[in-house]
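All remarks here apply to the structure that follows.
The values are calculated or read from the model by the stated rules, or taken from the named source; none is laboratory data. Source: prediction; values computed, not measured. Every residue, glycine among them, receives a Cβ derived from its backbone with ideal geometry; neighbour counts consider all protein chains shown. Side chains are part of the model used for accessible areas, which takes the heavy atoms of the whole protein and leaves out ligands, DNA and RNA. Shrake-Rupley method; radii C 1.70, N 1.55, O 1.52, S 1.80 Å.
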Amino acid sequence: MSEGSKKGAVLVAREVSAGYGELALVEMPAIDLLASLGWRFKNLYAETFGALGSEGRESETQVILTRRLRAALVALNPGLPADAYAQAIEQLAQDRSKQIAVNANRDFYRLLKDGVKVRVSDEHGGHSTETLRVIDWATPARNEFFLASQMWVAGDMYRRRCDLLGFVNGLPLVFIELKKPAVPLKSAFDDNLRDYRGQSVPQLFHPNAFILLSNGSDTKVGTLTSGWEHFFDWKRVADEDEAGKVSLERALRGLLEPARLLDYIENFTVFEEGKGGLIKKTAKNHQFLGVNKSIARLVELRSPSPPGPLPRAGEGRMRLGVFWHTQGSGKSLSMVFFTQKVLRKVLGSCTFVIVTDREELDDQISKTFKATGATAREDVRATSGEHLKELLRGNERYIFTLIQKFRNEPGQPYPMLSDRSDVIVITDEAHRSQYDIFALNMRNALPNAGFIGFTGTPLIKGEEERTREVFGDYVSVYDFARSIEDGATVPLYYENRIPEVQLTNQELNRDLEALLEAAELDEAQEGKLEREFGREYHIITREDRLEAIANDMVAHFTGRGYRGKAMMVCIDKATAVRMYDKVQAHWKAEIARLKAALEPAQGDAREALIARIHLMQTTDMAVVVSQGQNEVEDLQAKGLDIVPHRQRMLKEALDEKFKDPDNELRLVFVCAMWITGFDVPTCSTIYLDKPMRAHTLMQTIARANRVAPGKESGLIVDYVGIFRALQNALATYARPAADGEGASRFSTRRSW
């Protein structure tokens, strides 16, 4: 678009929008900016209809500009008969009103991304199938970017006027709703978007790529399935090191510059299956920038080689970097975006080996890839060492495995399984288990693979050099503090509720801490814990101390504001079972006390008591701990019965129940399971009665930092005295280079 055309379009826009009052203060700068980025503009408030009308629409119910679409199809797919273009337009513009909106959107997206198949007749009476490109993803300049303001769209009962619609080749891919600067942005969601996509003009969102809401200073981005809490800021345009600032200009430059827009739509969109149905997700700002930096690193390492497989080992070419994005900020989804873009844009025949060191992480990540459609198969998750070798010798697209499955026979070298250089190993929590014999075996098995480390915590002193040898330097950083500032995670609050019966040694023995950092205590470790740290263990597990904590937990759990799910983290399996029993006893006593108080109560006080009693009577609890040999007899010797708990763990899908916000399983007692690699957005409270430090502590408290409807923060309730360890962890893991700035985002409040 020439400079003269841009200026002319803007002048017309200014004249037509002169009567919009304060809204023009937001709309006109947006139009000016988009025109400067290469968008053509037209105000369609007084649009005429029919073949000779303003845009060729037959009526207001039509949302695709078929005149522009046809021109784009002809330009991108020249030389086909007219019927071929007509078939493509028919498929793209078909009525999808009988479909669930998100299903219709997914169907449309597949046509948009992969092309439209049409049947073409030849001169001999035969037929062939041609795939017509709808968008030229590789060359933005070959597409048309058209911005319409004040365009009327009608549904079955209502008609609505849209502030701005961004069309690519005649398809309405971007919906922009604007508010006056003084109007709170949430009204754009509550008053406009919910109405538009729900009952008024739902057909407008069948082709939609994403939604942008703004009042000029506050701007948020989401999809047609996003609730308000899942709309997110877009603070940075081109680099994650930019100072974060919320504004309409940042969002438009970061998302609607033509090349970025096409990249975002093509490579950063997924449809995720869940128990509540299909959800459309697009990358948040930090995911888009971080994944693209990782892709750039991969491309850099391939040059100056011609297109082809990843270069072989040497000169650091296998080290793709460390991707540090804090827990809860969507790291698993970033892996999906990374692999999908590599396959589509860089290495079409690549194999990804996704490696973790814990069963929960392996399960979570493989489920994310399956739910988003990246892989539909179950048999690419290694079930044994031999199964892993079989997968690696093949040509699978994705392989999921625990690093422990790279186990070799005693005294025998691990065999080379593939010398391919188009294999990329993605390790989750890269710094935790990548330097032992299993990691060495993995490198022997895949000598020419590329390695990228994904982690939710940074590399601490002593790990950096070893990690650089394997993965290279940081390729992307998104820390604890920035994720809270951006709203990718909720802030966490700390509450000290240490009982009077407590540890006198606040430092705790380092060996004890190291032992407790293990992912799960096995029988030998539990025995060592009791033998070698008898004094500390005895204090933590004293009956009167646990009794006091159980009594306090009951009062605290039922008195919270946001009553999300909660986890009680205990020192070991026996203590988890014992705490369950004690909480149950105090729970029943509290219900009896509340019922007694109900009789004389009246008015609001009576209603509050009724609500609290109902909450307690409908709340389910469970113990979730790993299996162990002789556990029944061993716990019986301590006066504990694990049988009913084990039966529940075997027969019921406790993980799914706990993740379900409507399920009555609201409180679980754990010691190591579920404290890493287990996402429950509605989990808002972590009760800590287990000494922890460093990344294990950070991973545990991050269970409460996920975003959920109505959830404004998470709460860490400390019963064991981890405040100093928490300060040290935050100094290292929140924002190491910012002089403790990250720690300031973790507020404290003390009580007992």
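Please work out whether the range 224-269 counts as rounded, prolate or oblate from its C-alpha gyration tensor, where a ≥ b ≥ c are the square roots of the eigenvalues and a/c under 1.5 means rounded, while otherwise a/b larger than b/c means prolate and anything else oblate? Spell out each step's value before the answer.
Values: a/c = 1.87, a/b = 1.09, b/c = 1.72.
Here the range 224-269 falls in the oblate category.
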Going residue by residue through the range 550-557, the Karplus relation 6.51 cos²θ - 1.76 cosθ + 1.60 with θ = phi - 60° gives ³J(HN,Hα) values, rounded to whole Hz and with x marking Gly or Pro, of 4, 5, 5, 4, 4, 5, 5, 4
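If packing is taken as the average number of other Cβ atoms within 10 Å across a peptide's residues, how do 122-133, 384-395, 690-701, 710-721 rank, most packed first? Intermediate values should be presented prior to the final figure.
On the way: 122-133: 10.8, 384-395: 15.9, 690-701: 22.7, 710-721: 20.2.
Ranking the peptides 122-133, 384-395, 690-701, 710-721 by packing returns 690-701, 710-721, 384-395, 122-133.
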Please state the shape class of the range 606-716: rounded when a/c is under 1.5, otherwise prolate if a/b exceeds b/c and oblate if not, all from the C-alpha gyration tensor. oblate
Rank these by accessible area, largest first, 1.4 Å probe: VAL116, VAL477. VAL477, VAL116
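Please compare each pair in LYS331/LYS367; LYS179/LYS293; LYS113/LYS341 to a cut-off of 22 Å on the Cα-Cα distance and tell me which ones are over it. Walk me through the numbers on the way to the answer.
Numbers: LYS331/LYS367 13 Å; LYS179/LYS293 34 Å; LYS113/LYS341 13 Å.
From the list (LYS331/LYS367; LYS179/LYS293; LYS113/LYS341), the Cα-Cα distance tops 22 Å for LYS179/LYS293.
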